[in-house]
Amino acid sequence: MIELTTSLMMLMSAVYAGSPATLDSTAPIQTKAEIIAKEQMLTEKRATIADIKTYVREYYKDTPILAEVSRCESTFTQFTKNGKVMRGIENPADVGLMQINEYYHAEPAKKLGYNIYSVEGNLAYGKYLYDKKGTAPWSASSPCWGKKVSAQIAVR
């Protein structure tokens, strides 16, 4: 586990030249070619990480409820095996790790500089939504993540 965490931190340092806390998730969206090139590079870098769960849990270490939401919403999946963004079964407008609904959130996310079709943008916009509305946007999956949260609260 320590090796995996160390690898993750080294990866983040190599990709962003700093810690995950220094990421600027509000940077403007680049051209389509730049986004594709960056995603390909990040996908190749992430391939060295044995488990995307570790990446998501590290990203949300200060808000672990969001990692549980991601687990329940997408089973920690941003892209399908054929490289397309993961879409919801119940609602195909829900995309990525946090199953952000593109009908309601694609434009607002874009205006804020988040690309919900990328791993980082999806996770960052998920955090933005959580900061604004709590867990309400993911209430449909609360039977899944709510059990884990209730168990954690009971232990404390």
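For this structure, a couple of remarks:
- One residue from 124, 67, 33, 109 being among the small types (Gly, Ala, Ser) and at pLDDT below 95: 33
- Checklist (1) part of a helix (DSSP H, G or I); (2) at pLDDT below 85; (3) among the hydrophobic types (A, V, I, L, M, F, W, C) applied to residue 49, failing item: (1)
The values are calculated or read from the model by the stated rules, or taken from the named source; none is laboratory data. As the structure is a computational prediction, the values presented were derived from the model and not from experiment.
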